[in-house]
Amino acid sequence: MRSVISPRVLIGAFMLVLLVAPAVLPPFYVTKLNYIGLYAMVALGLVLLTGVGGLTSFGQAAFVGVGAYATAVLTTSSALPGWLAWLGASPWLTLGAGLVITAAMAILIGSLTLKLSGHYLPLGTIAWGISLYFLFGTMQILGGHTGLGGIPAIHLFGFELRQDNEIYYLIWAFLLVGVFTVHNLLDSREGRAIRALKGGMVMAEAMGVNTARSRMVIFVIAALLACASGWLYAHMQRFVNPTPFGLHMGIEFLFMAVIGGAGYVWGALIGAGLIVVLKHWLQGLLPAIFGQSGNFEIIVFGVIMVFVLHKARNGLWPILTRLTQRVIPVRAAQRRIDAAAEPLARRELPIAGTLLLDAKNVTRKFGGLVANKDMSLQVRSGEILALIGPNGAGKSTMFNQISGVDTPTSGEVLFLGQAVAGRDSREIARMGMSRTFQHVRMLPTMSVLENVAIGAHLRGSKGVLASAWRLDRAEEARLLAEAARQIERVGLAEHMFDEAGSLALGQQRILEIARALASDPCLLLLDEPAAGLRYKEKQALAELLRKLKREGIGILLVEHDMDFVMGLVDRVVVMEFGEKIAEGLPDQVQRDPAVLEAYLGGVE
Amino acid sequence: MKLKHTLLAAIGLAFAAGVHAQITVGVTVSATGPAASLGIPERNTVDLMPKEIAGQAIRYVVLDDQSDTTHAVMNIRRFVSDDKVDVVLGSTTTPNSLAMIDVAAESKTPMISWAASSTIVEPVDDKKRWVFKTPQNDQQMATAILEHMSNNNVKTVAFIGFADAYGEGWWNQFSTLAQVRGLNVVSSQRYNRTDTSVTGQVLQMMAQRPDAVLIAGSGTPAALPQKTLKERGYNGKIYQTHGVANNDFLRVCGRDCEGTFLPAGPVLVAAQLPDDNPVKASALAYIAAYEAAHGAGSVSTFGAHAWDSGVLLQAAVPEALKVAQPGTAEFRSALRDALENVREAAGAHGIFNMSPTDHLGLDQRARVMVEIKDGGWKLVN
Amino acid sequence: MDFQIALILAQDGITNGAIYALLALALVLVFAVTRVIFIPQGEFVAYGALTLAMIENGVFPATAWLLLGAGVIVTALDAGAVVRAGGRRVMMLAGTHLLYPALLIGLLWSMPLKDLPLIGQVLVTLLVVVPMGPMMYRIVYQPIAEAPVLVLLIVSVAAHLALVGLGLVFFGAEGYRTSPFSQARFEIGPMFITGQTIWVVLSSLVLIVALAMFFGRTIYGKALRATAINRNGARLMGISPALAGKLTFFLAALIGVLSGVLISPITTIYYDSGFLIGLKGFVGAIIGGLASYPIAAAGALMVGLLEAFSSFWASAYKEVIVFTLVIPVLLWRSLTTHHMEEEE
């Protein structure tokens, strides 16, 4: 049995090293560490934005510039109007001013560009990155291209942070606060919503997550981190001009995040450190090899980046942790479920037999093709309805009309007496309809527990700030306890802490049911839940669905597996060629000649 | 206590005997990035600068700052903390030099800038007392152009400059001085170094029908507005700045640059200077040294700014050595004082006479008007 | 502004716009076939122009050494792949990557480059620079052809940086102009048009038509189109993605080098000129949604015009105007193209 170290010990050791570093290192290394800290802060924002949220930005350097210029102008200009001039009294006031300006700009730019999908977004960030850079240079109040000098040093508790080894502590304190803020945020209700942005937006919306808001949140946080870095930069450099805030720095920040490991909070630090050290080293080494005539640094730098992306697309942090793990085994952070946490409030379920879902004469045409024609069906609380039919019968289209993903050409779908059409997935989820997907949609690198907890998103309310500063723990415990309860209920308890991607396909479908249940629905829409399940698992699933039915939930199943359906459901609706060909009790339907013909290909 | 001092002194002596006594010079230069065409000849010149002054070996630590202030500051911090330099030379651009002042002043290290703007050394205050520079101020150059304009009946002038610190510095000086002299600046345009077309700017200028156009750019990119002006049939006078004074500019601009006027350091036309000009010999010495290393016709006036900082050191170091040993704060301080007292030092660009209020020390002898004629530089008398 | 000035500005905008349009087409092509956002496209413009300038000045083009270097790396990579796969035949193909640059360098040494007619010099330039396109695909992109768009984009940026750095080594910091294809000047009413401008616009048109023919009529063109529409489907039909990638990069490099050769007589080109030129072609490509060729070309033309007119009205804010106006266009594109996320 090898001894295992808690991650806290490692972090403690790291802090200790940071603390004594200025005392033992040569001064120039402290200077380098300062820059590493400043850059890592920007890269940290990119980890959140790009690595976790999937939004690529080349424009972060511009936000660094906003932070730096805000404080530079306010602390040095003598031509400020009176209502602004008081801000110049202390850099701490200008930090506040810079953050406010940055947040306002980020919200403005974000509302314009975050709607851009896919590769438009990074190109959009290049565009505003360049625009802001040229604006810095053309505005005379910002010192133009020449720049602004004479920026005062920061005072802290009466100390003037003038030397490198003095401002060092402030920079690293800022960075560590940033790291822990982001770290905490990601490990929370809001964090799960953010982590779902990359590759899980449709699912997250169906679970009630406002993905547009989550995108904006991480964009603003990343901008604020960049702004704080710019503020520190200005007071360390005590001079600002546009060149450090151009597109090339924006690119470099992104490189830092990617090379360190864009998906990992500590990757930002590794990336920034590596690039600063590498550049320093190349600057000394390359002229010795090639002579003085050229920019060899950037060539080697480019080549190394290409190589790293070829060999380690996820960056160096995961590789580093794997290597460290061999030497110093670190205990994986284990979640504890607080079984004693107060259960979440539950929705009051309608009494059995209440009409939940009422689809009336739904017709959906795609051009000339009629996918659904005059379809009607109803689901009541405490019953299971199966929608079956051969391939291409239009079941999925019908499912989309019911779940609000698509809008019928004519006819309407009422849920609890209200029209589904025109509402977005979030609202429908809030009303108590929850669903699974035909093609499993989950976040493969997150644990089963966290995946299921996304389902409970709407049952929590703690926001970003509460999450970032750990004021959400009581609610978080309740959410996780609820998720754990649903996981146990569907029989995945032994996989609770495994990566969701490691589950077998059948189990993944079960996970989706647990996730849907975590939202405390009154109507459950299941799209082929039994596909890929073994016999035993099917029996267990059937048992679960029966239990849910007894509790008063209404369930709509779309299914292929006749055996599974017939033993389980109360009523069946059969579709063929977009139309309803039969409806009734399972036994009746099974004997219906039209159904037999549809399924057996016609009796000649 | 006394024992400790003796011990330290002994150790110090041991080191001094073991390590050759030497003066360390930190050089930060914009050898890459937008200012590379200025920085490269400067860096080349460092190799030609004195290897020994008054028996002390000189060690140069040369770093590239990529025309970027962050790197310039990083470099000077490294010089003062790691390399323990006695003096810092550079950087090439005005923003970089301005950004370095704080570090130089705090570490009490003299610094000799190679950038143009007068704001680097003026006014000499607590910080700038540590800062010197060798290139002529924009002001001096702008005045030369304005004088030439007035003498040639130019009443209206249009300005087009780089959208960077170089163009901005020129615009600030030129527009202010033109007002003083009663010249009417009718149009002010900007363009980027790598722009492919300046037709819009040129049309805007020509619409104002100026008697002359001043182009404030450096190196080959300054040729684009001139070629466009000629292409559009502009007949007025065209002025360039000393930023274009290299042979690449002549190559690119070709016939379109015939008849262009520019102010420049005398080094550009050293061979044409009258023999009694005090700058002639020192300028020719630089040209000979540079062309011996890099081939005939390769010399540029920018490298000469670096050379002149060597001239200043040559004059000041022997004085400073009388006060203290290199590597000490006393030496740096003495070197600063000595630099401030440099008199009649003949550089490639002019004669330096420093004073406590003038940390440039160049006078009218440091600039001449030059005309481009037959594909070469011709001194205007 | 009077009508005459507007006309001249329009002419200027169209000339630049024609180049941007060519680049936009190449970018759309590369993205459609390989999903690579080809930031180094601009470097091919600069390399083409500057290599031609070297040849004109009678200097041995340093880019030939880069070609040889790239050839060595490609050969090493291919050899590695062949050894792993246990094949033999490809060894011969790999040899060509070494043989071609070596022969070319020999040829360049023996030829009086300076005395060649202009057309010959252009041809030599094409022979030196264009093969770097497919080689670049082989070295930089092929090993990660299946990576997400973001990774390919970042790799592109890294490759761009390396190429700019190499450009400074090869060509120095100062710029070059090459001699025009034609000295003719035509006066039409109040304005005049130079022969070179006509060359630029006509060549762009010819190239665009040639590309259309290539995609419409030839088997390779059709194969590329098939790959662009459905990568996996095309692979099943026997179209190798690696071949499609190399072919695409060959075309992109060809377009880039030709653009460089066309504009270097009307403007000065520097080692780092490519980025902004490429970026503006890019803006055009984006307006076309990286998918539609005609809209991309129209968008690029629009960028050229916008640039010409904004440099007349507010030259200091030219770049701000051009790049800020991209954002509403992007917004409009992404709002009108309906697809709910989940790329990657």
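The values are calculated or read from the model by the stated rules, or taken from the named source; none is laboratory data. These figures come from a predicted structure and were not determined experimentally. Because the Cβ atoms are built from the backbone with ideal geometry, glycine has one as well, and the counts that use them run over all protein chains shown.
Only one entry of A:Arg326, A:Arg346, A:Arg331 meets the criterion of being surrounded by fewer than 19 Cβ atoms within 10 Å (Cβ to Cβ) and free of Cβ contacts under 8 Å to residues at least 40 places away in the same chain, and that entry is A:Arg326. If you go through region B:256-275 and keep only what is within 14 Å of another protein chain (Cβ to nearest Cβ) and in contact (Cβ under 8 Å) with a residue 60 or more places away in the chain, you end up with just B:Cys257. Among the conditions (1) free of Cβ contacts under 8 Å to residues at least 40 places away in the same chain; (2) surrounded by fewer than 24 Cβ atoms within 10 Å (Cβ to Cβ), C:Ser292 misses just one, which is (1).
Per the conditions (1) part of a helix (DSSP H, G or I); (2) assigned by TED's automatic domain parsing to the domain that holds A:Lys360; (3) not hydroxyl-bearing (Ser, Thr, Tyr), the sole criterion not satisfied by A:Gln486 is (2).
What is the residue count in region C:164-213 for residues that are part of a strand (DSSP E or B) and in contact (Cβ under 8 Å) with a residue 60 or more places away in the chain? Of the residues in region C:164-213, 4 are part of a strand (DSSP E or B) and in contact (Cβ under 8 Å) with a residue 60 or more places away in the chain. Residues in region C:10-29 that are crowded, with 24+ Cβ neighbours inside 10 Å and either of a type outside the set (A, V, I, L, M, F, W, C) or more than 17 Å from C:Ala212 (Cβ to Cβ) (or both): C:Asp12, C:Gly13, C:Thr15, C:Asn16, C:Gly17, C:Ile19, C:Tyr20. In the set A:Tyr133, A:Tyr169, only one residue is within 23 Å of A:Leu74 (Cα to Cα) and either of a type outside the set (A, V, I, L, M) or touching a His at 6+ places or on another chain (Cβ under 9 Å) (or both); that residue is A:Tyr133.
Tally time: how many residues in region A:408-443 are part of a loop (DSSP other than H, G, I, E, B) and touching a Leu at 6+ places or on another chain (Cβ under 9 Å)?
Final tally of qualifying residues: 7.
Quick one: would you say C:Gly80 is among the small types (Gly, Ala, Ser), farther than 24 Å from A:Phe301 by Cβ and within 14 Å of chain A (Cβ to nearest Cβ)? So C:Gly80 fits the description; yes.
With respect to A:Gly98, is the statement that it is of a type in the set (Gly, Ala, Ser), part of a loop (DSSP other than H, G, I, E, B) and surrounded by 22 or more Cβ atoms within 10 Å (Cβ to Cβ) true?
Taking the combined requirement at face value, the residue does not satisfy it.
Pairs needed: first member in region B:49-71, within 29 Å of B:Arg193 (Cβ to Cβ) and in contact (Cβ under 8 Å) with a residue 12 or more places away in the chain; second member anywhere, buried (at least 16 other Cβ atoms within 10 Å of the Cβ) and basic (Lys, Arg); C-beta distance under 8 Å; at least 6 residues apart or different chains. From region B:49-71, the pairs are B:Val62/B:Arg43; B:Leu63/B:Arg78; B:Asp64/B:Arg43. On the given criteria, is C:Thr227 over 19 Å from C:Leu22 (Cβ atoms), more than 14 Å from chain B (Cβ to nearest Cβ), touching a residue at least 60 places away in the same chain (Cβ under 8 Å) and touching a Pro at 6+ places or on another chain (Cβ under 9 Å)? Considered against the rule, which asks whether it is over 19 Å from C:Leu22 (Cβ atoms), more than 14 Å from chain B (Cβ to nearest Cβ), touching a residue at least 60 places away in the same chain (Cβ under 8 Å) and touching a Pro at 6+ places or on another chain (Cβ under 9 Å), C:Thr227 comes out as yes.
Which of the residues that make up region B:142-172 are within 14 Å of chain A (Cβ to nearest Cβ), within 24 Å of B:Ala207 (Cα to Cα) and of a type outside the set (Gly, Ala, Ser)?
Once the filter is applied, which keeps residues that are within 14 Å of chain A (Cβ to nearest Cβ), within 24 Å of B:Ala207 (Cα to Cα) and of a type outside the set (Gly, Ala, Ser), region B:142-172 yields B:Phe162, B:Glu168, B:Trp170, B:Trp171, B:Asn172.
Quick check on region A:1-56: of everything there that is within 30 Å of B:Val85 (Cα to Cα) and assigned to a loop (DSSP other than H, G, I, E, B), which residue is farthest from the chain's Cα centre (by Cα)? Across region A:1-56, the extreme among qualifying residues is A:Pro26. Across region C:145-156, the number of residues qualifying as facing chain A (nearest Cβ under 7 Å), under 21 Å from the mean Cα position of the chain (by Cα) and modelled with pLDDT under 90 comes to 5. Of all residues in region A:1-47 being among the polar types (S, T, N, Q) and more than 28 Å from A:Pro329 (Cβ to Cβ), which is farthest from the other protein chains (Cβ to nearest Cβ)? That would be A:Asn34. Here the strands (runs of 3 or more DSSP E) wholly within region A:339-399 that include at least 1 residues being among the basic types (Lys, Arg) are A:355-366, A:369-380. Screening C:Ala79 against (1) at pLDDT 85 or above; (2) surrounded by 14 or more Cβ atoms within 10 Å (Cβ to Cβ); (3) among the small types (Gly, Ala, Ser) leaves a single unmet condition, (1). Would you confirm whether or not region A:241-262 contains a residue that is out of contact with any Pro (no Cβ under 6 Å at 6 or more places or on another chain), within 14 Å of chain B (Cβ to nearest Cβ) and within 21 Å of A:Gly96 (Cβ to Cβ)? Scanning region A:241-262, I find at least one residue that is out of contact with any Pro (no Cβ under 6 Å at 6 or more places or on another chain), within 14 Å of chain B (Cβ to nearest Cβ) and within 21 Å of A:Gly96 (Cβ to Cβ), so the answer is yes. Determine if region C:265-285 includes at least one residue that is closer than 21 Å to C:Val326 by Cβ, buried (at least 17 other Cβ atoms within 10 Å of the Cβ) and basic (Lys, Arg). Yes; the residues of region C:265-285 include at least one that is closer than 21 Å to C:Val326 by Cβ, buried (at least 17 other Cβ atoms within 10 Å of the Cβ) and basic (Lys, Arg).
From the list B:Val103, B:Val62, B:Val87, the lone residue that is more than 21 Å from B:Asp125 (Cα to Cα) and of a type in the set (A, V, I, L, M, F, W, C) is B:Val62.
Filter region A:101-159 down to residues that are aliphatic (A, V, I, L, M) and in a loop (DSSP other than H, G, I, E, B) and give me whichever is surrounded by the fewest Cβ atoms within 10 Å (Cβ to Cβ).
Among those that are aliphatic (A, V, I, L, M) and in a loop (DSSP other than H, G, I, E, B), it is A:Met139.
Within region C:157-197, can you find the residues that are within 14 Å of chain A (Cβ to nearest Cβ) and either polar (S, T, N, Q) or on the phi > 0 side of the Ramachandran plot (or both)? C:Gly172, the sole residue that qualifies. The residue list B:Ala264, B:Ala306, B:Ala288 contains one member that is of a type in the set (A, V, I, L, M, F, W, C), out of contact with any Leu (no Cβ under 9 Å at 6 or more places or on another chain) and over 30 Å from B:Ala158 (Cα atoms), which is B:Ala288. Anything in region C:24-68 that is touching a His at 6+ places or on another chain (Cβ under 8 Å) and closer than 19 Å to C:Thr268 by Cβ? List them, or say none. If the condition is that a residue be touching a His at 6+ places or on another chain (Cβ under 8 Å) and closer than 19 Å to C:Thr268 by Cβ, then C:Gly42, C:Glu43 are the ones that fit.
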